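The values are calculated or read from the model by the stated rules, or taken from the named source; none is laboratory data. This structure is a prediction, so every number in the text was calculated from the model and none was measured. All Cβ positions, glycine included, derive from the backbone under ideal geometry; neighbour counts span all protein chains shown. What goes into the accessible areas is simple: the full protein's heavy atoms, side chains included, and nothing from ligands, DNA or RNA. Shrake-Rupley method; radii C 1.70, N 1.55, O 1.52, S 1.80 Å.
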Amino acid sequence: MIRAVIVDVDDTLCLTEAASFELENEVLVELGRPPMSREIHLATWGEVLLDAMPHRSPGVDLDRFAELFPVWHQRYLADGRLDVIPPENLHTLDRLIENGYAVLLLTSRAEAEVQHLLEPDHVLAGRVTGAYHQGNTRFRKPDPRVFDELLAETGLQPRECVYVGDSPGDAVAAGGAGLRFIACLQSGVRRLDEFDPRYVTAAVDTFPEILGKILAGDVENPVAAPSQP
């Protein structure tokens, strides 16, 4: 039944939180502000960056932060310190494609934050058939309607898709839309007991493990309908 594997980017396809923590602190230091703690970064991880920064650094000049962030972001990308996709994860995508599955991305990132992943010379070129982000979706996770554009444009049915993500919000969005969901816990940012079990079809400790789950049919069972309050 599964025809497409939809993959989250941050802390799923690549481990992002730790590098983003360092990057954002570089910007704060340039602004003359003290670096944030790792605890506050983890607590607000998954929020839109400019929504999270007042909590991460109360009183920060958001306009100035927004000006400097892209500069540091490009430095980190150029230095290979951000959005590095491990070879074993790329191999997993290749195996999925070899077995007839379409691979798509769905992320809460802004369009500018995902554009470099879609360049024709990027390692994802030829592997990913579509990417959905804040620039081409009307809703954001955990709203299940975040999948609306993807499903409409591809003609896929929810029952034909499995979403792989790392956060409880990913699970809520997928389950609410009728998609299967695999919780990828490799980053260590989340624990399985933080997820609503009604929406988790399977869980893995590393991204490559999704291949075995999918090929074995462990995600073929229908998503359990949530009980009404």
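A few notes on this one:
- Checking K141 against (1) within 16 Å of V5 (Cβ to Cβ); (2) buried (at least 19 other Cβ atoms within 10 Å of the Cβ), the condition it does not meet: (1)
- Extreme residue, least open to solvent (accessible area, probe 1.4 Å), among residues of region 75-111 that are of a type in the set (K, R) and out of contact with any His (no Cβ under 7 Å at 6 or more places or on another chain): R95
- Count of residues meeting criterion [assigned to a helix (DSSP H, G or I) and either under 21 Å from G130 (Cα atoms) or among the polar types (S, T, N, Q) (or both)] in region 170-193: 6
- Top-ranked residue of region 41-74 - restricted to ones that are open to solvent by less than 50 Å² (accessible area, probe 1.4 Å) and of a type in the set (A, V, I, L, M), ranked as farthest from T12 (Cα to Cα): V60
- Filtered residues of region 141-172 (kept if among the small types (G, A, S) and more than 21 Å from A216 (Cβ to Cβ)): A152, G155, S167, G169
- Contact map, region 70-85: first residue more than 23 Å from Q186 (Cβ to Cβ), second residue open to solvent by 40 Å² or more (accessible area, probe 1.4 Å), Cβ cut-off under 7 Å, separation 6 or more or different chains; pairs are W72/E26.
- In region 199-229, residue most open to solvent (accessible area, probe 1.4 Å) [restricted to those that are at pLDDT below 95 and among the charged types (D, E, K, R)]: D218
- Within the span defined as region 24-35, one or more residues are under 20 Å from the mean Cα position of the chain (by Cα) and either outside any loop (DSSP other than H, G, I, E, B) or surrounded by 19 or more Cβ atoms within 10 Å (Cβ to Cβ) (or both).
- Residue in region 88-95 that is more than 14 Å from E113 (Cα to Cα) and touching a Phe, Trp or Tyr at 6+ places or on another chain (Cβ under 7 Å) present: yes
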